[in-house]
Amino acid sequence: MNAVTQAANLLAHAKQVCILTGAGVSAESGIPTFRDKQTGLWESYRAEELASIDGFLAQPRFVWQWYQWRRNLIKDKRPNAAHRALAQWQSSAATLGQRVTLISQNVDDLHEQAGSTVHKLHGSIWHNHCIDCGAPYEKNARQLDVQALIACPACGGYVRPSVVWFGEGLPAQPWRIAEQAATGCDVFLSIGTSSVVYPAAGLVSLAKSCGAKVIEVNPNPSDLTIVDIQLAYKAGEVLPKLVTEMTKLLEKLKSG
Ligand code: NAD
Ligand code: ZN
């Protein structure tokens, strides 16, 4: 049996599935991952240096402009076959008798565009808030020509993108849902993540320690030793096949 059929089989017998996606799921839509080399003005920086409160405080205008550049880069990007396959799976999950929870580390909105319900662990690049009082500042998140820093109307503090930076805690509600889904799932499906950014990367071992099987989709498999089935393909190539095979098996199991 090939690995895709093996994975489809495992998933068809699962009542609860927890899916975790990372930047790799959006790579085929043309959005660079964090570990891809930076280009242009930013090429001598590592993303980790810019995506932190210290990086922002050291050179706020530069970091703001980096986010405006990233927003410009992703504004026209559309979901790929991987996002679409996951959305289709989610929409038929209830009829198939499955509970499918989708957790993402991505700050883009491609899962939402594809029609998925997604719990976002690292915030959204399409929102802003004040670094001092925390007030949301929605006006300019899509005004991509604003290169100057924006001052919070309430307190004058700098406005920053509402993404979780290195060193910051994760939003409580999505994290609680993620922990519950990882603890309760029969299969944990990890897609397009290098599994090095904690605490998100810890979800897979949490799931494993609670008895789940682990499937990984990544053309450059991570160093995770706890993976049961490795699908070393691009997400957009393998997920439509996986979801189709699994759905057929589930329908057969239901009718038989
Ligand atoms: P990462 O950049 O560390 O890892 C991406 C992984 O995706 C790599 O292991 C790579 O081998 C794999 N990959 C590349 N192309 C793929 C494909 N076509 N199909 C499947 N896998 C593929 O990203 P990460 O693990 O998500 O962690 C880094 C952090 O970067 C996250 O916290 C995230 O918030 C942030 N980030 C988000 C976006 C986005 O929203 N699209 C983009 C870049 C970074
Ligand atoms: Zn403020």
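Side notes on the structure shown:
- Long-range Cα-Cα pairs in the chain (distance over 34 Å), rounded percent: 21
- An oblate overall shape is assigned to the stretch 208-256, the ratio a/c of its alpha-carbon gyration tensor axes (a ≥ b ≥ c) being 1.5 or greater and a/b not exceeding b/c.
- Extension gain for the segment residue 237 to residue 133, taken as residue separation times 0.36 nm less the Cα-Cα distance, is 33.0 nm to one decimal.
- Long-range amide H partners of residue 129 with built H, under 5 Å: 137, 160, 162
- Computed from backbone phi, the HN-Hα couplings of the stretch 222-230 come to 6, 7, 4, 8, 9, 6, 8, 10, 9 Hz, rounded to whole numbers (Karplus: 6.51 cos²θ - 1.76 cosθ + 1.60, θ = phi - 60°; Gly and Pro given as x).
- Local net charge near residue 12, Cβ-Cβ under 12 Å (Lys/Arg +1, Asp/Glu -1): +1
- Other residues with beta-carbon under 12 Å from the beta-carbon of residue 190 carry, at +1 per Lys or Arg and -1 per Asp or Glu, a net charge of 0.
- Helical segments meeting 15 Å axial Cα length and Kyte-Doolittle -0.5 threshold in the chain (DSSP H): 81-96, 235-255
- Pair residue 3, residue 210: separation of 7 Å Cα→Cβ label points (nm): 2.6
- Taking each of 213/254; 139/241; 208/248; 77/252; 139/208 in turn, the alpha-carbon distance tops 32 angstrom for 139/241; 77/252; 139/208.
- Surrounding net charge for residue 152, when Lys and Arg each add one and Asp and Glu each subtract one, Cβ distance under 14 Å: 0
Rule-based calculations on the coordinates, nothing more; no lab input. Please read all numbers here as calculations on a predicted model, not as lab measurements. In this analysis, Cβ positions are derived from the backbone assuming ideal geometry, glycine residues included, and neighbour counts consider all displayed protein chains.
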